[in-house]
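Working notes for the structure below.
The values are calculated or read from the model by the stated rules, or taken from the named source; none is laboratory data. Remember, it's a predicted structure, so these values are computed and weren't measured experimentally. In this analysis, Cβ positions are derived from the backbone assuming ideal geometry, glycine residues included, and neighbour counts consider all displayed protein chains.
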Ligand code: SAH
C-alpha cells in the first residue's frame, strides 16, 4: 500500500528531465505549487522554451550529472528512455531522493495522482501506478460531485478555523459541526450565489448558536426527482439524495431513484394518489418539521418538479412558519421529460405558439375552457386520466376540433412507458385503458411524433 501525501513545494527545488508535452504538464503543475524547477533536456518544446526565456524555470543543459540530484527534493523524468530512467532511479535511491519516471512504475518511488482542485481543497486520485487513465476517469467522476463554489466554502471556513476549534474542542463534535455546516442548504445557497458576506454571517451565527454538545441543525430540501428515469435527476438532486438522513418520498418517485438513498438513511413513504391519500398533507408537513428539528437533513422527494402540481409552495410556507431552513432543487417535470422521450415537441412554429400545463384534478370549472380551446396551442393535463371525459366534452363544446390529435402517456421516461395516440373524439375511451401515472397531451404537435419516429 502506498502512502498518500501532499507536498508543500514553495521555493523547493525539483529536477525535471525531458521537455516534451508530458514534461510540460508536470511543469505546469509544479509551477502552480510554486516549486523551483530545474530542467534537463535535449529537445525542448515551444512552451517550455518560453518558460525558460521568461526565467520561470532554470535550464541546466543537456547532460546529466549526479550532483544535480543533491540539492533537489525529487526528480521527475519524462523521457521514453527506460535505461536512463533506471539509472536515475538508482542514483536517487542511493541519495534518498524520491523519483518519478513517467509511465515507468518500476523506476518510480513517487507516484503522481490525477488531481482535482477546488481552490485549497485538493483531491488526488491514484491507481498505484497501475493505470493513470483509470485514475483520471475516477477523478472526472468525482468532479461531478464537487461544485466549484466549494473553494469559497473552504476559504470562509478557514477564516473561522480558530474560533471553531476553540468552541468545539472535542474533535468528534467539531466534525459534526463541519459536517452539518457543509450540508446546510442555506450556507451552500449563499456561497453558490456569491453572497459570501451573508454566508460568513450565517457561519458566525451557527458557531454562536450551537452548543458544545454538538446539537445538530436540521433542514429540509425539496427535491424534484423528475419523471422517473434516474438519469433525468439533476446533479444537485443526486447530491442531496445521497446526503439525506431522512427521505420523505412521494408515490411517483421511482424505485431506481430510491436506491440512491444511503443505506443508513430512513425512507418514509408519504405517497399520495388521487383520491387515496396515504398520508395526509398535514402529517407530511409535521413529519418534515419534526425530523428537521431533531437535526436531520430531510429530503422531501417529489415526482417531477416540486413547484409544478406538487404542493411544494404549500410545504415551503409551512416550513417558513416553523422556522425550518429549506431549499428547492428543481426537477424535470413530467411534461418536459415525456415530451423529449416521446418526440412530441410542446411548441412548434407552425402548430402551437401557446402551452398550458393544467391539472384536471381540481374543480374543473376553474379551467377557462374557452381560452384553452383556441387553435394553435398545446394543452398538457396532469392528473387527467379520471377527468378525460370531461376534458373531451368541454373542449369540443368550446369549439376544439374532435380530430385534434392527443397522446396519453403512461409511466413516461421509464422502461414501461406506453404511449396511446388518439384524437379528442376518443380521448375518454382510450384514457380508461391507460395505466397510471398518465399525462395527456392535446394539440397538433402530437402528430409530429409520427414524423420524427420514422
Ligand atoms: N410535480 C410533478 C407532478 C405531480 S402531479 C411533475 O412536475 O411532474 C402527478 C401527475 O403527474 C400524474 O397524475 C401524471 O399526470 C403526471 N406524471 C408524473 N410523472 C409521470 C410519468 N412518469 N408518466 C406520466 N405522467 C406522469
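State whether one or more residues within segment 429-444 are without any contact (Cβ under 8 Å) to a residue 12 or more places away in the chain and assigned by TED's automatic domain parsing to the domain that holds residue 342. Yes. When segment 16-45 is filtered for residues that are part of a strand (DSSP E or B) and either over 38 Å from the mean Cα position of the chain (by Cα) or within 17 Å of residue 85 (Cβ to Cβ) (or both), the ones remaining, listed by number, are 16, 17, 18, 19, 38, 39, 40, 41, 42, 43, 44. Within segment 188-202, can you find the residues that are at pLDDT 90 or above, surrounded by 17 or more Cβ atoms within 10 Å (Cβ to Cβ) and closer than 17 Å to residue 219 by Cβ? Those that are at pLDDT 90 or above, surrounded by 17 or more Cβ atoms within 10 Å (Cβ to Cβ) and closer than 17 Å to residue 219 by Cβ: 190, 191, 199, 202. Of everything listed in (1) modelled with pLDDT under 90; (2) over 30 Å from residue 218 (Cα atoms), the single unmet condition for residue 138 is (1). Going by what's in this entry, would residue 446 be described as closer than 27 Å to residue 225 by Cα, away from the ligand (no atom under 14 Å from the Cβ) and either touching a strand residue (DSSP E or B) at 6+ places or on another chain (Cβ under 6 Å) or not in a helix (DSSP H, G or I) (or both)? Yes, satisfied.
Given 332, 375, 328, which one is near the ligand (Cβ under 9 Å from one of its atoms) and over 21 Å from residue 429 (Cβ atoms)? Spell out the reasoning first.
On the way: 375 fails: near the ligand (Cβ under 9 Å from one of its atoms); 328 fails: near the ligand (Cβ under 9 Å from one of its atoms).
Result: 332 is the single residue among 332, 375, 328 that is near the ligand (Cβ under 9 Å from one of its atoms) and over 21 Å from residue 429 (Cβ atoms).
Just one residue in the set 393, 423, 411, 386 is within 14 Å of the ligand (Cβ to nearest atom), modelled with pLDDT of 95 or more and surrounded by fewer than 22 Cβ atoms within 10 Å (Cβ to Cβ); that residue is 411. Cβ-Cβ distances below 9 Å connect the following pairs, each with a first residue in segment 383-410 that is assigned by TED's automatic domain parsing to the domain that holds residue 437 and at positive phi, a second residue that is away from the ligand (no atom under 16 Å from the Cβ) and in a loop (DSSP other than H, G, I, E, B), and a separation of six or more residues or different chains: 399/373; 399/374; 399/375.
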